[in-house]
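Below is one structure, written out as structure tokens; the observations come after it.
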Amino acid sequence: MTTHLEPVTFGERALRIEDVLALANRQAPTQLQSDAAYRQRIAKGAQFLDSLLDKEGVIYGVTTGYGDSCVVAVPLQHVEALPRHLYTFHGCGLGKLLDAQATRAVLAARLQSLCHGVSGVRVELLERLHAFLEHDVLPLIPEEGSVGASGDLTPLSYVAATLSGEREVMFRGERRQAIDVHRELGWEPLVLRPKEALALMNGTAVMTGLACLAFARADYLLQLATRITALNVVALQGNPEHFDERLFAAKPHPGQMQVAAWLRKDLAIDAPTAPLHRLQDRYSLRCAPHVLGVLADSLNWLRSFIEIELNSANDNPIIDAEEERVLHGGHFYGGHIAFAMDSLKTLVANVADLLDRQLALLVDVRYNHGLPSNLSGAPADRAMINHGFKAVQIGTSAWTAEALKNTMPASVFSRSTECHNQDKVSMGTIAARDAIRVLELTEQVAAATLLAANQGVWLRAQAEDARPLPPALAAMHEALAKDFPPVIEDRALEGELRLCLQRIAEQHWRLHA
């Protein structure tokens, strides 16, 4: 683990998306709040539940069955067995497994919720969940099977089961039985107490963990798309006056103004400019701040939705040990994350569409203002057999189309399930997975358009009357040249596109933030 940040503390302190991202990327150590007052507050919830059991109180999921079976009383002699049954019968997830980064984000989100102290769990459970993060013991979690209300029950059952020494984990790069990893680390598997399996599973940790990762990717993508647009303004000999500060003062959406300011800085708009070829560029250049600005202006409320959910007790029932009350409600419902992710995937798909249109201009001699067809750098005597970025542009259209197709909102596809107890559900986890997929596709579009824009800038630089690049773009062009040489003779670009995607995932280039 490479440590770049201060330790992330789980407890009474609120976490930010950046904290989850640091943990997901193994860039920060963790610690669990350990002062005596805090530990006592956590323990008090579990003790209150024990006192209710002694009095034979009725508690959902503790002395009753689950879901619509809440009317079925569970005799006290079976209460201890109920948690294991809960995570066992939910062991039916399918689809791909969450990757390591996403799994860490899920563990962090669930631990943060339980640290509120209103879930009725023991300190020992928090310590073991924290130890999973600390030692990078990662439950193998299938990503499909949650409707996003009554929590991410099925995927989170894999967390509960592995804490109990069952099912499989990824540990030190190997797929292992959880019980074997417990033995190797000298741990006794937990025997989950009444309410603890429910507390682990009956929450929004999967969708929230994924939402944190999606937000961070979208934030970087916004900056990258702005830089790509600036490169394309140069490559297409666009009109930089489209981003004039006085122009944007007349329509002052803050994010839109920010994108325009980034473009002015990238293009050194206050420097002398070449004579203009046209009064107005096509919309994919001229309106780039208006397209990207919608995402920029949405990031604040997206952050608010995600971080409130992250720092909430998204559990049921809520255990109020101070007032000695059990509060039955629906805090497992993921509606805010569902709406945030449905919105994010639309915002991001519009970025894909914008960059796809810019690339279409770059490769077409009718619109690229003197660049060679398909951005080929081949000399005249070999131009007829070279096709440059032709296939890359076709692929970009495919990726964009798929991104746009995936913007169908998941939240409106609520399905009544579980004997009509869960009769209105959020679909937040599906929305979050959709958002990740749209981001993947849009990053592919960005990678392709970035390489093409860089090729266009290189081609412009070959002209006798070429003007020097503005400093920010010159630095970017130079950095890209180290990995991506100009395309002169046709070559297969898959490897370079994949390397560019890796650079994007690493947030390799310092951009505007």
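The values are calculated or read from the model by the stated rules, or taken from the named source; none is laboratory data. It should be emphasised that the depicted structure is a prediction, and the values quoted were computed from it without experimental measurement. Cβ atoms come from the backbone with ideal geometry, glycine included; neighbour counts cover every protein chain shown. We work out accessible area using only protein heavy atoms, side chains counted, and drop any ligands, DNA or RNA first. Shrake-Rupley method; radii C 1.70, N 1.55, O 1.52, S 1.80 Å.
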| Check LEU32: other-chain or 5+ apart residues with amide H under 5 Å from its amide H, H built from backbone geometry? | PHE10
| note | In segment 8-202 the accessible area split gives carbon plus sulfur, as whole percent at 1.4 Å, a share of 51
| query | Which whole-Hz couplings ³J(HN,Hα) result when phi for each residue of segment 216-232 is put into the Karplus expression 6.51 cos²θ - 1.76 cosθ + 1.60, θ = phi - 60°, listed in order with x for Gly and Pro? | reply | 4, 5, 5, 4, 5, 4, 4, 5, 5, 4, 5, 5, 4, 4, 4, 4, 6
| message | How charged is the neighbourhood of ARG433? Take every other residue with its Cβ under 15 Å from the Cβ of ARG433, and add Lys/Arg as +1 and Asp/Glu as -1. | response | -3
| query | Hey, what do the phi angles of segment 180-197 turn into as Karplus ³J(HN,Hα) couplings, whole Hz, using 6.51/-1.76/1.60 and θ = phi - 60°, x for Gly and Pro? | reply | 5, 5, 4, 4, 4, 8, x, 9, 8, x, 6, 9, 5, 7, x, 5, 6, 5
| Per-residue HN-Hα couplings for segment 290-301, Karplus 6.51 cos²θ - 1.76 cosθ + 1.60 at θ = phi - 60°, whole Hz, x for Gly and Pro? | 6, 6, 5, x, 5, 5, 4, 6, 8, 4, 5, 6
| said: Between GLU245 and THR9, what is the label-point separation in nm under the 7 Å Cα-to-beta-carbon projection? | reply: 4.1
| task | Write down the percent of antiparallel bridges among all DSSP beta bridges whose residues are both part of segment 8-202, to the nearest 5. | result | 75
| request: Normalise the Debye intensity by I(0) for segment 8-202, one equal point scatterer per Cα, no solvent, then take log10 at q = 0.09, 0.17 Å⁻¹ and round to two decimals. | output: -0.32, -1.18
| query | Taking Cα atoms, how many degrees apart are the long axis of helix 123-135 and the longest axis of the chain, rounded to 10 and kept between 0 and 90? | reply | 30
| field | Charge context of PRO142, other residues only, Cβ under 13 angstrom, K/R +1, D/E -1 | value | -2
| field | In degrees, nearest ten, helix 390-405 long axis to first principal axis of the chain (Cα) | value | 40
| Given 14 as the ceiling on other Cβ atoms within 10 Å, longest exposed-site-free region of the chain for GluC sites (Glu not before Pro) in DSSP loops | 81-321
| field | segment 398-429-segment 306-333 distance, computed between alpha-carbon centres (Å) | value | 25
| message | How big is the dipole moment of the chain about its Cα centre under a simple scheme where the beta carbon of each Lys and Arg is +1, that of each Asp and Glu is -1, and everything else is neutral? Debye, nearest 20, please. | response | 920
| note | Of all DSSP beta bridges with both partners in the chain, the antiparallel percent, nearest 5, is 80
| query | Hey, what did the chain get for relative contact order, percent, Cα under 8 Å, at least 6 apart? | reply | 16
| task | Provide the per residue accessible area, probe 1.4 Å, for the chain, rounded to a whole number of square angstrom. | result | 44
| task | Note the full-extension length gain between ALA492 and TRP509 as 0.36 nm times their separation in residues minus their Cα-Cα distance, in nm to one decimal. | result | 3.7 nm
| request: Measure nothing but the geometry: give the 0 to 90° angle between the long axis through the Cα atoms of 36-54 and the longest principal axis through the Cα atoms of the chain, rounded to 10°. | output: 50
| message | If you split all Cα-Cα distances of the chain into 10 Å bins from zero, what percentages do you get per bin, shortest first? | response | 4, 18, 25, 20, 14, 10, 6, 2, 0, 0
